Amino acid sequence: MNNNEKDISREIELSRLPDTEFEVMSVIWRNDPPVTTSILMDQLGNIKGWKLQTLTTLLNRLIDRRFLRSEKLGKERNYYPTVHEEDYIHFETTHFVKRYHNNSICNLVSTFCDNTKLEKQDIAELSAWLKSMEDKI
């Protein structure tokens, strides 16, 4: 999203996207706006075996949720994200930690580390990150 695009991600209350709508948004975030229906069909719809109407329905839902805005230009419709990918990922991550880990990053890391083989490099990077966070306090 460039500086000319309207950013409402901080003005609206985000809601969790269903997986298919998230897939559409992921393609939109990967491309420079505007993103056309043709681009979305090429990069996602055809791969998923969707008809144009299916994609249009998903896009309209995303507009209703205020994740997108659109403009009609001739026969083509252009789509612009109104929510930054980083803002949505932060929202989802926060929700996940609250719901499954009692709002505790320690519980999240513990659950992950107890069930995952960590390499020394992973531990070194985590330690460095924690040290940098401690320095900010």
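The values are calculated or read from the model by the stated rules, or taken from the named source; none is laboratory data. Remember, predicted model here, so these are calculated numbers, not experimental data. Cβ atoms come from the backbone with ideal geometry, glycine included; neighbour counts cover every protein chain shown.
Counting only residues that are touching a residue at least 40 places away in the same chain (Cβ under 8 Å) and more than 24 Å from S15 (Cα to Cα), which one in the range 37-84 is farthest from the chain's Cα centre (by Cα)? Show your work before the answer.
Looking only at the range 37-84, we keep the residues that are touching a residue at least 40 places away in the same chain (Cβ under 8 Å), and these are 37, 61-62, 65-69, 76-84.
Narrowing further to those that are more than 24 Å from S15 (Cα to Cα): 76-77.
Numbers: E76: 25, R77: 22 Å.
Only one residue tops the list, namely E76.
Residues checked against (1) in contact with a Pro (Cβ under 8 Å, 6 or more places away or on another chain); (2) closer than 29 Å to V109 by Cα; (3) in a strand (DSSP E or B):
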position	(1), (2), (3)
V24	no, no, no
I39	no, no, no
Q43	no, no, no
N46	no, no, no
R77	no, no, yes
I89	no, yes, no
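Tell me which residues, restricted to the range 91-105, are on the phi > 0 side of the Ramachandran plot and assigned to a helix (DSSP H, G or I). Please lay out each step first, then the result.
Filtering the range 91-105 down to residues on the phi > 0 side of the Ramachandran plot leaves 102-103.
Scanning the range 91-105 gives no hits.
Which is touching a Gly at 6+ places or on another chain (Cβ under 6 Å) and surrounded by 11 or more Cβ atoms within 10 Å (Cβ to Cβ), of L62, L55, L68?
On the way: L62 fails: touching a Gly at 6+ places or on another chain (Cβ under 6 Å); L68 fails: touching a Gly at 6+ places or on another chain (Cβ under 6 Å).
Every option except L55 fails the conditions.
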How many residues does the range 48-75 contain that are hydrophobic (A, V, I, L, M, F, W, C) and outside any helix (DSSP H, G or I)? 4
Considering only residues that are surrounded by 13 or more Cβ atoms within 10 Å (Cβ to Cβ) and touching a strand residue (DSSP E or B) at 6+ places or on another chain (Cβ under 9 Å), which ones fall in the range 71-101? R77, N78, Y79, Y80, P81, T82, V83
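For L68, are the conditions met, namely being in contact with a Pro (Cβ under 8 Å, 6 or more places away or on another chain), at pLDDT 95 or above and among the aliphatic types (A, V, I, L, M)? Show your work before the answer.
Values: in contact with a Pro (Cβ under 8 Å, 6 or more places away or on another chain): yes; at pLDDT 95 or above: yes; among the aliphatic types (A, V, I, L, M): yes.
Criteria met by L68.
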Can you tell me which residue among E125, E134 is surrounded by 11 or more Cβ atoms within 10 Å (Cβ to Cβ) and either assigned to a helix (DSSP H, G or I) or touching a helix residue (DSSP H, G or I) at 6+ places or on another chain (Cβ under 9 Å) (or both)? E125
Restricting attention to the range 26-37, the residues that are more than 20 Å from I89 (Cβ to Cβ) and assigned to a helix (DSSP H, G or I) number exactly 1
